[in-house]
Number of protein chains: 4
Amino acid sequence: MKKKSRFLQTPIEPFAVEAGLSAEQVLARMERISFQGRNLATAHHVWQKMLQDDVTIFLGMAGALSAGGLRMVVAHLILDRYVDCLVSTGANLYHDLHETRGQHHYLGSPHADDAALAEDRIDRVYDTYASEEEFISNDNWIADFAATLESRPYTTREFLHLLGGHLWNTTKREGILTAAYRARVPIFCPAIADSSIGMGLSQARQKTPGKGYIDIIGDIVESANLVIRRPRTASVVLGGGTPKNFINQASVQAEFYSDEVGGHRYALQIVTDVPQFGGASGSSLEEAQSWGKLATDSAKVSVQADATIALPLLVSALTTTSSALAGGRKKPIFTLAERVMTIDGQTVPYERFEEVNERAV
Amino acid sequence: MKKKSRFLQTPIEPFAVEAGLSAEQVLARMERISFQGRNLATAHHVWQKMLQDDVTIFLGMAGALSAGGLRMVVAHLILDRYVDCLVSTGANLYHDLHETRGQHHYLGSPHADDAALAEDRIDRVYDTYASEEEFISNDNWIADFAATLESRPYTTREFLHLLGGHLWNTTKREGILTAAYRARVPIFCPAIADSSIGMGLSQARQKTPGKGYIDIIGDIVESANLVIRRPRTASVVLGGGTPKNFINQASVQAEFYSDEVGGHRYALQIVTDVPQFGGASGSSLEEAQSWGKLATDSAKVSVQADATIALPLLVSALTTTSSALAGGRKKPIFTLAERVMTIDGQTVPYERFEEVNERAV
Amino acid sequence: MKKKSRFLQTPIEPFAVEAGLSAEQVLARMERISFQGRNLATAHHVWQKMLQDDVTIFLGMAGALSAGGLRMVVAHLILDRYVDCLVSTGANLYHDLHETRGQHHYLGSPHADDAALAEDRIDRVYDTYASEEEFISNDNWIADFAATLESRPYTTREFLHLLGGHLWNTTKREGILTAAYRARVPIFCPAIADSSIGMGLSQARQKTPGKGYIDIIGDIVESANLVIRRPRTASVVLGGGTPKNFINQASVQAEFYSDEVGGHRYALQIVTDVPQFGGASGSSLEEAQSWGKLATDSAKVSVQADATIALPLLVSALTTTSSALAGGRKKPIFTLAERVMTIDGQTVPYERFEEVNERAV
Amino acid sequence: MKKKSRFLQTPIEPFAVEAGLSAEQVLARMERISFQGRNLATAHHVWQKMLQDDVTIFLGMAGALSAGGLRMVVAHLILDRYVDCLVSTGANLYHDLHETRGQHHYLGSPHADDAALAEDRIDRVYDTYASEEEFISNDNWIADFAATLESRPYTTREFLHLLGGHLWNTTKREGILTAAYRARVPIFCPAIADSSIGMGLSQARQKTPGKGYIDIIGDIVESANLVIRRPRTASVVLGGGTPKNFINQASVQAEFYSDEVGGHRYALQIVTDVPQFGGASGSSLEEAQSWGKLATDSAKVSVQADATIALPLLVSALTTTSSALAGGRKKPIFTLAERVMTIDGQTVPYERFEEVNERAV
């Protein structure tokens, strides 16, 4: 009898429908199907491996996930330390603040009459609405807070930690910013100038000259120093955008100053963009390996899907299978309330790169 | 105090993560988020409404769903009569037959060396492999069966029912074709000539002159007569393609001959294509209303997602919430083993359209 | 000095803007840019190579290209023999017939009120409208013509040639069907049952019992025999769908019966679908090599673009650079008006595959 | 005779192929076809209208357009003042600088062995390669230059003008940065921290403490003040990303302080993302109207296409038809070399918003 090809090893196992399946059972039965379903099941495994290893897990977040109803998923990931550091667009943090302040986004229609919405001062995000007046109130709230800070540049990491603290103290409500504040998880927002948080900061200057200065280059230095301090890293990316590249950049930048850095050990991305047009959001994880952003032997998976479908299923499964892993893992410990942050007791400068990687004793 | 805009009615309710959620709980918590997650939760409701109403439910199936591990989901939908009539590409039926005959598709990689695969005679479908030799054995099996039939044209509906019966009798294994045979659910395959089932039929001519004739136009007549006989219809479409249009065409064609037909009352599609390029696969359900394919007051939802992610979650939820609905609904009853099929005791001609819609007494 | 990497051979040459550039100059300046622009420029070269070689060039056409204003581009490619055989969806041929009969499609809006359109009986294709009444008149015209044919099954190839002839004799207008008739280029329509041409054929049965029979399996045999007769082939695919697979299937089927067949020597596709979801429309040309649809050393290029942008530019350039090539190439010569077609004087049976490849003497 | 529907006004006019067509003739013949081809032809008209009106034209640029061979197209648009202000990702400016310094990107393959590339220190952007060593040399060059500046925060607008000047003085070569310097067109880079230019700035701190500070919030104030000073604006967006939102944000922010601002009068975007997933890059121009980013009566068009195909054709046509328009238009005149920029002789503060809109006398 003819030898079976080496390529035919593991049969596809058709998804078996059954009443009463749990989220993680659904995902487990997707492991041996094909295409993006298989990739989503693989994402569960890759994330579990991250949690079992001693790595700093970065979470990148782009797209309208907060307005779109995923902010408490991200807050959960932060509070229970499935991740260690958040890199976000400004909009996601702003829309989170909007709801934490007790306001809402609303169900809407993608076929709305936008002129009618404009007349009512309703802002549309595809099938979701929000009140422009409430947005203006947020801008003012941010501006007022920023005006109370010292007249010096703040990294987004420092500013957002303080903002989260103020939000928590004012509202005692759950959300991304307040979870990150309470769990002492740093947030970086490299494109803060391209968001309503940036607009709030710009308005702080109007209220009080000398306020509303952000040290965005300090964020680059800090994020690279985080990697220098703790060279084993992992990346979870939702939606691409500036967070995806910023997380990779930290790794690339850190390599200039430390031989121990070798790209992320694990990478998982859930994106809707495709690689064929050359944009960074849709770029493949294989491509990332050419840059050294990702170790060539890393565990990795890319899921081509809208996060509003993929993430609820994935995180429901993950929280069921892996809460003990998340609780028991070697999490980096941060202090974030000062101008200079620390990780595991070591300083993480924003003014210079750490050229010698001194391990904490 | 200012009146709230009429546009701001129902707040987004962020997805709340919890350990141990079931599939239908995950989907229920996606109802008030945004984007495609919300659409998938809506799809669950639209399908439930179909099951509660007295409608004939068509299921369209394109893309490599059978090879990709979803054939038992479709078999389940047929056996438990969540749908009444399947319209499929030939490939999905062929890959189903391939596995029902005891063979497999295999886990593979999208980055494979295709020259090496070609040398081993392994056929790749993105990240999934199959043996060309086993495919040739299927072709022969189909050709041998087709050569046993009468020397006359068969509609795909008649041929596929007989093929399903032969497959069931030979294997006693579950699958799409055998489920449709056992549940007496008709299958139409308008593009059978563009598939390996068509290739098998063409090889029947080689074996026995006069065999392997398909009456594809008869399928048009039959499918329209189905709608004339039972004018209230619903459409569930996976992946677009010829099945999507054929289901709509049945409705449009039936309207020429019966005033009682008015487009589908419910429509649900899970597609990856978008409308912007004008193709039918990605066309919107709104557009379908201009054609009368869909009633202007129909319940409808379009989910932009890979079926390998969306369908396992959706059908796991549906089977949990709605098995009683599926069991208790007014299902059309078919006979399929003859040249002229019947529905609810009435003939469904393939040679002429029923111009008078005589209700069964 | 350090040796330059072997990977850095040919620099990107930025596109240089200049007033008065011709289409082929624009395309030539895109040869050394990146992404899909480069691919489109490469497509020009691949097509030129096809024209210089002794190959049968298949053109596949899916998506609403005729309604969308590209039918005269396709007619031009046929008349001037840039291609030798067309495989099309039914809709493209139907919309071509619609305009050749002196009717129009109309500029519309994707944001139209579809209920209002439905009331006026206007059918929408994204941003394009047509009159349902005119469509019904076409259906009747096709039915009337089909009712004049013999009471026997016709391959789509035979039927469409006769239809094209009738259309030419009636209208003397240019279009795809009339160009193919006049240039004696065969057209296959494997999914004819999923189109208004199929609907017209089904209505022929209503007019005259015994009419409107199509031998779709005969098309499979004929198309494979074409490849057996002339084993060197090339494939140009617009939009995927059934034409893409049917063209490949002819090659795969032919290989069963002839050792001289080895997959297309050239392949060019312009598609909007992507491979990541496993569907055939978006499948890569690399994947096609695993199946033997495409020779492993073939020249090939895939352009990810809407054909309404890519094709006008590409064919404008091609017709400027390559009309002499198209005129001077070794074109296969067909007779199409009979039940059995011929190529270069040899019969192309529809009832059996040619197992011995007898070269024309 | 029945009245023709009001929806059927302007017939589709099929694209007519002809040898020797110029780029603008190709585009003109696409005006009355459908889908994205029609949209690209419309884009030509919308841009022409911008040039004829008294508006400030913002150009946003995301995706790997510079690496991908379009930097000289953008340089041309700047030098000949088809646009007045560039908002770019950092990567596009960095890759422009890379080539202006005499280095190259290289033709590569999307199927490359990324481990082999990593070993050779070659960075891949889909099908395009670059040398990591040359990138490091750029970083140093930027760091060295930044270290020569004053020890104070610079807006990206000020920094990039000075960088462009240094680049021009050093190289005398054409490119985006040097064109903007020479034509005195401001460049904003809101996500500079997410790019290698940001990395270069961070390394300036290592060289000289106190250097490498960017005032990203100042960019928000300046860009809004530009709109307050000159409230009639237009937006041309390539690829979405932070530039798309930043341009819109300037308009929204300006409206807080001036009643004369009412959203862009013209908007044109060429994007590959779609709206269905809620992200800003793919968001529709209709949606932008709900926010007031775009006037409800604006002329607008969205083209779903890869810019590497659409832009060469569009700009080749535009430069042929509209160089006189571009030369003769009322262009805003900037001074950019100081900490406070001016437009048409009026200051554009970075520290406070102009609450009264004083017209230049």
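Looking at the square roots a ≥ b ≥ c of the eigenvalues of the Cα gyration tensor of chain A, which shape do they give, rounded for a/c under 1.5, prolate if a/b is larger than b/c, or oblate? Oblate, since a/c reaches 1.5 and b/c is not below a/b. Listed values for the stretch C:24-31 are Karplus-derived 3J(HN,Hα) couplings in whole Hz (6.51 cos²θ - 1.76 cosθ + 1.60, θ = phi - 60°), namely 6, 5, 4, 5, 4, 6, 9, 5, and x replaces Gly and Pro.
Modelled label positions at residue A:325 and residue D:115, each set 7 Å beyond Cα in the direction of Cβ, lie 2.4 nm from each other. Inter-label distance, residue D:133 to residue A:53: 3.0 nm, where each label sits 7 Å from its Cα along the C-beta direction. Each DSSP beta bridge with both residues in the protein assembly as shown is either parallel or antiparallel, and the antiparallel ones are about 35%.
Summary of packing: across the peptides B:251-257, A:237-243, the per-residue average of other C-beta atoms within 10 Å ranks them, highest first, as A:237-243, B:251-257. Based on alpha carbons, the Rg and Dmax found for the stretch D:1-147 are 21.8, 80 Å.
With its label point put 7 Å out from Cα toward Cβ, residue B:335 sits 4.8, 8.6, 9.6 nm from the same residue's point in the other copies, in order from shortest.
Look at where the Cα atoms of the stretch A:214-277 and of the stretch C:108-174 average out, and the two centres are 56 Å apart.
Beta bridges assigned by DSSP with both partners in chain C are antiparallel in approximately 30 percent of cases. Legend: mean number of C-beta atoms from other chains within 10 angstrom of residue C-beta atoms, peptide B:344-352, equals 2. Checking every one of the trypsin sites (Lys or Arg not before Pro) in the stretch D:148-177 against DSSP loop status and a limit of 11 other Cβ atoms within 10 Å picks out D:172. Within 10 Å of each candidate Cβ there may be at most 16 other Cβ atoms; applying that plus a DSSP loop requirement, which trypsin sites (Lys or Arg not before Pro) in the stretch C:288-361 survive? In loop regions of the stretch C:288-361 (DSSP not H, G, I, E or B), the sparsely surrounded trypsin sites (Lys or Arg not before Pro) are C:330, C:339, C:352, C:359. When Rg and Dmax are taken over the Cα atoms of the protein assembly as shown, they come to 31.3, 94 Å. Peptide B:316-323 has a mean of 4 when you count, residue by residue, the C-beta atoms of other protein chains within 10 Å of its C-beta. For the set A:211/B:4; B:330/C:211; B:211/C:172; A:172/A:244; B:293/D:4; C:4/D:172, the pairs lying more than 28 angstrom apart at their alpha carbons are A:211/B:4; B:330/C:211; B:211/C:172; A:172/A:244. The rotation axis bringing chain C onto chain A passes closest to the chain C residue reported with its distance as C:274, 3, by C-beta distance in whole Å. Each Lys and Arg Cβ is given +1 and each Asp and Glu Cβ -1; about its Cα centre, chain A then shows a dipole of about 1320 debye.
Among B:297, C:84, C:120, the order by Cβ neighbours within 10 angstrom, fewest to most, reads B:297, C:120, C:84. Rounded to the nearest 500, the 222 nm mean residue ellipticity of chain D from helices alone is -13500 deg cm²/dmol, with -39,500 (n - 2.57) taken per DSSP H run of at least 4 residues.
Once you sort the root eigenvalues of the Cα gyration tensor of the stretch C:264-361 as a ≥ b ≥ c, which label holds: rounded (a/c under 1.5), prolate (a/b larger than b/c) or oblate (the other case)? Here the stretch C:264-361 falls in the oblate category. Counting only DSSP beta bridges whose two residues both lie in the stretch C:86-210, roughly 75 percent are antiparallel. Comparing Cα centroids, the stretch D:283-304 and the stretch C:305-329 end up 35 angstrom apart. Remark: label point of residue A:171 defined 7 Å out from Cα along the Cα-Cβ vector; separations to the same position in other copies 4.6, 5.5, 6.2 nm, ascending.
Computed over chain C with a Gaussian network model linking Cα atoms closer than 10 Å, the most mobile of C:225, C:140, C:39 is C:140.
Please say if the stretch A:77-216 is rounded, prolate or oblate, where rounded means a/c under 1.5 for a ≥ b ≥ c the square roots of the C-alpha gyration tensor eigenvalues, and otherwise the choice is prolate for a/b larger than b/c and oblate otherwise? Oblate, because a/c is 1.5 or more while a/b does not exceed b/c. A straight Cα-to-Cα reach below 14 Å connects residue C:207 with the aspartates and glutamates B:351, B:354, B:355, C:139, C:144, C:150, residues fewer than 8 places away in its own chain not being considered.
Across the identical copies, the 7 Å label point of residue A:136, projected outward along Cα→Cβ, sits 5.4, 5.4, 7.5 nm from its counterparts, in ascending order. Structure remark: mean-square fluctuation, Gaussian network model of chain C, C-alpha springs under 10 Å; the largest value among C:169, C:92, C:138 belongs to C:169. Within 10 Å of the Cβ of each residue in B:71-83, the mean number of Cβ atoms contributed by other protein chains is 2. With the simple model of a label 7 Å out from the Cα in the direction of the Cβ, residue A:296 to residue D:18 spans 5.6 nm.
When you restrict to C-alpha pairs under 8 Å that are six or more residues apart and normalise by the size of chain B, the relative contact order lands at 23 percent.
Where a number appears in this text, it was derived from the coordinates with a stated rule and is not lab data. From a predicted model like this one, the values you see are computed outputs, not experimental measurements. Using ideal geometry, Cβ is built from the backbone for each residue, glycine included, and neighbour counts are taken over all protein chains shown.
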